Amino acid sequence: DVKVTQSSRYLVKRTGEKVFLECVQDMDHENMFWYRQDPGLGLRLIYFSYDVKMKEKGDIPEGYSVSREKKERFSLILESASTNQTSMYLCASSITGTGSYNEQFFGPGTRLTVL
Amino acid sequence: AQSVTQLDSHVSVSEGTPVLLRCNYSSSYSPSLFWYVQHPNKGLQLLLKYTSAATLVKGINGFEAEFKKSETSFHLTKPSAHMSDAAEYFCVVSDEWGFQKLVFGTGTRLLVSP
């Protein structure tokens, strides 16, 4: 069964702290994604990666960075956490297919609160 | 750029009555379209997908959606709601082919009353 895991379900941090969110997938997928989910806004793409050590900015990359040193692991980094980064963070992965079928598999999410 | 509009932020139905969640899309090419569901405190799960095969797509748990190009719509339906259907539903369109990006709607919360 496909599986995407995230290191924490709930996280509380203080303003200015450096925060690491970890995501691991066991499906050998090429593509990995980080989203944030806020009420009324749906999911917004922060960063994605289509290969090891490759990364691309999504729609809202400001204040975030990412790291992908191994194929199965994709980390989201908040260099200096701020209260407006309080949100639910979702990680996803997908395979690179030759057709237009782009199903993504999601982790359970990390609810981050920045005080 | 591709986009989706979910026309209702909340939909309330009674158990046993039909469900209709509305979605309109905008795409400059032939898109892939998806519906995902998110139950409370759970990750997103794929309900169904359209990938230019049959226009009527059947998904899990009795849901289905019909792709209507002339109306740029991809509405989600179910003949009879169950209490366990209460969740948030997201209509999604594929963005750039190749990098597998998806564009999400803002979500519709389905409430099911006994």
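Electrostatic bookkeeping for B:GLN38 treats Lys and Arg as +1 and Asp and Glu as -1; over the other residues with beta carbon under 11 Å from its beta carbon, the sum is +1.
Just checking the listed ones, A:GLU17, A:GLU72, A:GLU30: in the Gaussian network model of chain A with Cα springs under 10 Å, the one fluctuating most is A:GLU17.
Sort out the exposed loop trypsin sites (Lys or Arg not before Pro) in chain B (DSSP loop, at most 13 other Cβ within 10 Å) and tell me the longest stretch that has none.
Values: sites that count: B:LYS42, B:LYS69.
Looking at chain B, B:70-114 is the longest stretch - no exposed trypsin sites (Lys or Arg not before Pro) with at most 13 other Cβ atoms within 10 Å.
Counting lysine pairs in chain A that sit 8 or more residues apart in sequence, or on different chains, and whose Cα atoms lie under 13 Å apart gives 4. Put the Cα centre of the stretch A:35-106 next to the Cα centre of the stretch B:1-18 and the gap is 26 Å. Of the trypsin sites (Lys or Arg not before Pro) found in the stretch A:34-77, those that fall in a DSSP loop while having at most 16 other beta-carbon atoms within 10 Å are A:LYS53, A:LYS71. Counting only other chain Cβ atoms within 10 Å of each residue's Cβ, the peptide A:38-45 averages 5.
Taking one quarter of the surface of the C-alpha convex hull of the stretch B:1-87 gives a mean projected area of 6.0 nm².
All of the numbers you see were taken from the coordinates with simple rules; none came from a lab. Note that the structure is a prediction, hence the values are computed from the model and not measured. Heads up, the Cβs are rebuilt from the backbone with ideal geometry, glycines too, and the neighbour counts pull from every protein chain shown.
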